[in-house]
Each structure stands twice: as C-alpha cells, then as structure tokens.
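Remarks on the structure that follows.
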Amino acid sequence: MKWSRKDLLDLESLSVEEITMLLDTARSFREVLDRPIKKVPILRGKTIVNMFFEPSTRTSSSFDMAAKRLMADTVNISPRTSAVTKGETLLDTARNLEAMRIDLVVIRHSSSGAPHFLAKRIKAGVVNAGDGQHAHPTQGLLDIFTMREKRGRIEGLKVLIVGDVTHSRVARSNIHGLKKLGAEVAVCGPSTLIPVGIEELGARVFHKIEEALEWADVVNILRLQLERQKKGLLPTLREYSRMFCVTEERLKAAKPDVTIMHPGPMNRGVEIDPRVADGARSVILDQVTNGVAVRMAALYLLSGGDAPLSEAIRKEA
Ligand code: CP
C-alpha cells in the first residue's frame with residue numbers, strides 16, 4: 001500500500017491501514033535513533049517549515065529533530081518574530097513561504113481547524129502539530145506506538161484516559177486512533193471535564209478513579225489545563241488533586257504491571273504524583289523518544305516515501 005494523502009490532520013479520518021503504516025514506518029525509524037549516527041539522508045533536498053503559534057517543547061523540538069535526522073532543511077517560524085506581529089494573515093504567511101518552494105508545513109495553532117484551513121489552500125503538505133481542542137495526531141500516534149511497544153498489542157488493550165478530556169486534543173486523537181485499532185478506551189475525570197456524548201466515540205466513563213485504575217492496562221494522564229480553572233470548570237487544584245491525582249496509593253488498586261503515560265507537560269503533584277511520574281511503571285520519557293520516530297515516519301510518508309522502508313534505510317545508512 002502506498003501513502004496517498006497530502007496532509008496529516010487528524011486520526012479520525014485515517015483508515016486502520018494508514019495508521020498501521022505510520023506505526024510500522026515509525027518502528028523502522030526508531031531503530032535509527034539507537035544508532036551511533038542517527039541520520040538517514042532520505043529527505044535530502046526537502047524543506048520543512050515549522051510554524052508554532054502556541055508554546056511547545058516536545059512537539060516542536062521533535063519535529064525539528066525528525067526533519068534533521070532525515071537530512072531535510074528546516075525553517076522555524078515563531079509568531080513573535082514573524083510578520084504575523086505586523087498583521088499578516090496565516091494564509092499569506094504560508095503562501096509566501098510556499099513561494100520559496102517549501103515541501104511541508106508543520107503547524108500548531110490555538111484555533112481548532114487552522115491546519116485544515118491551510119491544507120485546503122496550499123499545495124505543500126500540512127501536518128497538524130496540535131490545533132485548539134481538536135486534534136494532535138502525532139501525539140496520538142506516539143502514544144499508541146508506545147503502548148504497542150510496551151504491551152505488545154493494541155487490540156483488546158484497556159486504555160484509561162484521566163483528567164481534562166473536554167479540552168484535550170490529545171484525548172480525542174487517542175480515542176479515535178485506539179478505537180480504530182481495537183482497544184477498549186475509558187475516561188475518568190470531573191463531570192465538568194468529561195464531554196457530553198463521549199460514549200458515542202466508544203469510550204466508557206468512570207466517575208471513581210479507583211474503579212478506573214483497577215480496570216486499566218494503560219493509564220494516560222492528561223495535563224490539567226490550569227487556565228480552565230478560571231472558567232469555573234474545576235474546584236480548587238487541591239480538590240482536583242484529592243479526587244483525581246494518580247498517586248502511588250491509588251495505584252495499589254491497579255494491575256501490578258499497569259503502564260503509566262503522560263503526553264507532557266506535567267503538573268507534578270496536580271494530576272500525577274512525582275513518584276508515579278518517575279516510577280518503574282512510567283514510560284513518559286519513552287513516549288518522548290518515540291515521538292521523534294513517529295514524526296520521522298509522518299514527514300517521510302507525506303514526502304512521498306514508500307513503506308515498508310527498512311530496505312531503504314539499510315541502503316542509505
Ligand atoms: N505533548 C505535547 O504536545 O507537548 P508540547 O506542548 O511540549 O509540544
């Protein structure tokens with residue numbers, strides 16, 4: 001099967017075969033990251049623009065690193081230092097960059113739908129690096145990749161997502177991707193932060209964290225978006241933490257081999273106890289490593305690369 005999409009905008013619109021192709025391609029690139037020389041020259045001559053209109057540590061640096069590992073040229077546009085500050089629109093910015101013959105745009109934006117808007121209007125491929133509350137497809141993929149790596153399967157795996165599900169693009173991308181691949185998904189959090197109708201996406205809802213933890217094989221803990229507290233959707237942080245923080249004490253109810261994940265950035269002591277974050281069952285930093293491989297796969301396939309590619313990598317290395 002050949003990758004045929006120009007853009008990677010969400011997981012909802014991808015087929016099982018496309019998600020599997022991205023994950024399998026990422027597995028080949030993951031091996032490259034453990035080599036002494038972590039580069040393969042398969043995107044030499046391609047130019048990738050990273051446009052991050054919202055803060056990011058993991059996603060922006062791993063897209064930049066992924067492009068460099070594939071030996072593409074990269075340009076990083078920051079809203080603070082770009083002509084956006086002078087009133088230039090997102091579309092004009094992208095069209096001007098396109099006039100310089102770029103190949104791919106990676107975009108993070110606070111407005112849901114901004115990557116889709118650009119994708120319809122420019123010829124270059126567009127990768128969604130997180131848009132508002134809508135989607136974060138490469139985070140969903142790297143989470144699923146890590147679950148598959150650690151647990152050996154996705155089908156039938158019980159994945160619990162804890163926290164602010166309503167405002168989380170990570171939760172939505174996890175649910176869409178995991179359900180397509182046959183996982184069982186559940187959510188748990190304050191009722192103000194669980195979207196109405198989440199069951200229609202195939203997610204079970206738990207109201208008691210202890211019952212949810214007992215059920216789960218994998219627990220993906222969401223960042224509590226502290227800005228939401230101002231809107232009255234949360235009690236005090238202390239109250240949230242008392243009810244939903246994933247602690248060592250609470251994990252006594254969980255399966256002994258439960259896998260602990262967090263997409264980052266973490267609020268230690270709010271949604272996750274530091275001892276859990278740094279504990280033996282945590283794979284949080286593995287998620288970050290895998291993020292580079294997943295983004296290499298996305299950039300490679302969207303640039304017209306063939307899958308499987310292990311032969312190509314062996315030849316080029
Ligand atoms: N997980 C994630 O998107 O992290 P950043 O905001 O640091 O990119």
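Here the sum of -39500 (n - 2.57) over DSSP H runs of 4 or more residues, divided by the residues of the chain, equals -11500 deg cm²/dmol at 222 nm, to the nearest 500. Karplus-derived 3J(HN,Hα) values for segment 173-182, using 6.51 cos²θ - 1.76 cosθ + 1.60 with θ = phi - 60°, are 5, 4, 4, 4, x, 5, 5, 4, 8, x Hz; glycine and proline are entered as x.
Counting only residues at least eight positions apart within a chain, or on another chain, the lysines with an alpha carbon under 17 Å from that of Lys179 are Lys158. Within straight-line reach of Lys150, meaning a Cα separation under 12 Å, sit the following aspartates and glutamates at least 8 residues removed in sequence or on another chain: Asp217, Asp257, Asp286. List the aspartates and glutamates whose alpha-carbon lies under 17 Å from that of Lys68, not counting same-chain residues fewer than 8 positions away? Output for Lys68: Glu31, Asp34, Asp103, Glu316.
Relative contact order for the chain using alpha-carbon pairs under 8 Å, separation at least 6, rounded to a whole percent? If you can, show how the numbers build up before the last one.
Details: 608 pairs, mean separation 71.7, N = 317.
RCO, the chain: 23 percent.
Longer than 29 Å from Cα to Cα, which of Lys2/Lys46; Lys180/Lys208; Lys180/Lys252; Lys6/Lys38 are they? Say none if no pair is. Those over the limit are Lys180/Lys252.
Available extension along the chain between Thr236 and Arg44 is 64.0 nm, counting 0.36 nm per residue and deducting the alpha carbon span.
What FRET efficiency comes out for the pair Arg101/Glu31, r = Cβ-Cβ distance, R0 = 25 Å, nearest 0.05? Could you put the intermediate results ahead of the total?
Details: r = 32 Å, r/R0 = 1.27.
About 0.20, to the nearest 0.05.
FYI, it's all coordinate maths here, none of it is from the lab. None of the values given here were measured: they were computed from a predicted structure. Methodologically, a virtual Cβ is constructed for each residue, glycine included, from the backbone with ideal geometry; neighbour enumeration extends over all protein chains shown.
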